[in-house]
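Once you've had a glance at the structure underneath, I'll fire off some questions.
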Amino acid sequence: RRSLPTLSEECSKRCCDVIATIALVSIYTAVGVLFYVHQEEWSFVEAFYFSAVTMSTVGYGDFAPTTPGSKVFTIFYIILGIYPVFAKVAATIGPLFSTTLKEFREFFEKMCP
């Protein structure tokens, strides 16, 4: 019988990091959507859109919180989104892209010495 290949420890850690990051972003988004649906009485789509625009720090201004409580929540939502959530995203995605970029650089160094 052939045994199934096992993931290396590094690959296993990366997979766990990716899953944890996806879970963190999903929970962060869900909290925002649930809050804005309940407090601002926005539709799911409006609340999801506002949460995505807010967490990406774009801030188009077409939707805005109207109550003092929503405004305070949004301040903390932005702060939590900028540092803990997207620091985790950057820490997870960075190593995945660094390998690809290294291979790309090596390819171009061989092609254009």
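Compute the signed sum of charges (Lys and Arg +1, Asp and Glu -1) over the other residues within less than 13 Å, Cβ to Cβ, of residue 20.
Here the count lands on +2.
Moving on. Relative to the first principal axis of the alpha-carbon coordinates of the chain, what is the inclination of helix 86-111, with its axis defined by its Cα atoms, in degrees from 0 to 90 and to the nearest 10?
Result, in degrees: 40.
Report the FRET efficiency, 1/(1 + (r/R0)^6), for residue 105 and residue 67, where r is their Cβ-Cβ distance and R0 is 35 Å, rounded to 0.05.
Calculated value: 0.10.
Return the single residue from 43, 56, 98 with maximal mean-square fluctuation; model: Gaussian network over the chain, springs between Cα atoms under 10 Å.
98
Follow-up question, since we're still on this one. Calculate how steeply helix 9-39 sits against the longest principal axis of the alpha-carbon atoms of the chain, using the helix alpha-carbon long axis, and give the answer as 0 to 90 degrees to the nearest 10.
10 degrees
Out of 78, 61, 24, whose Cα points farthest toward the positive end of the dipole of the chain (charges: +1 Lys, Arg; -1 Asp, Glu; placed on Cβ)?
24
Kindly count the pairs of lysines across segment 13-113 whose alpha carbons are less than 23 Å apart, treating pairs on different chains or eight or more residues apart as eligible.
4
I've got another one for you. What nm value, rounded to one decimal, do you get for the distance between residue 83 and residue 30 when each label is placed 7 Å out toward the C-beta?
Rounded to a tenth, the inter-label distance reads 2.5 nm.
Using only alpha carbon pairs under 8 Å that are at least six residues apart, calculate the relative contact order of segment 12-65 and give it in whole percent.
The normalised contact order for segment 12-65 reaches 26 percent.
Could you tell me the relative contact order of the chain? Use alpha-carbon pairs under 8 Å, at least six residues apart, and round to a whole percent.
Answer for the chain is 27 percent.
Throughout, read-outs are computed from the coordinates displayed, never taken from laboratory work. This one's a predicted model, so the numbers in the text were calculated from it and none came from an experiment. Every residue, glycine as well, gets a Cβ built from its backbone with ideal geometry; the counts of neighbours run over all protein chains shown.
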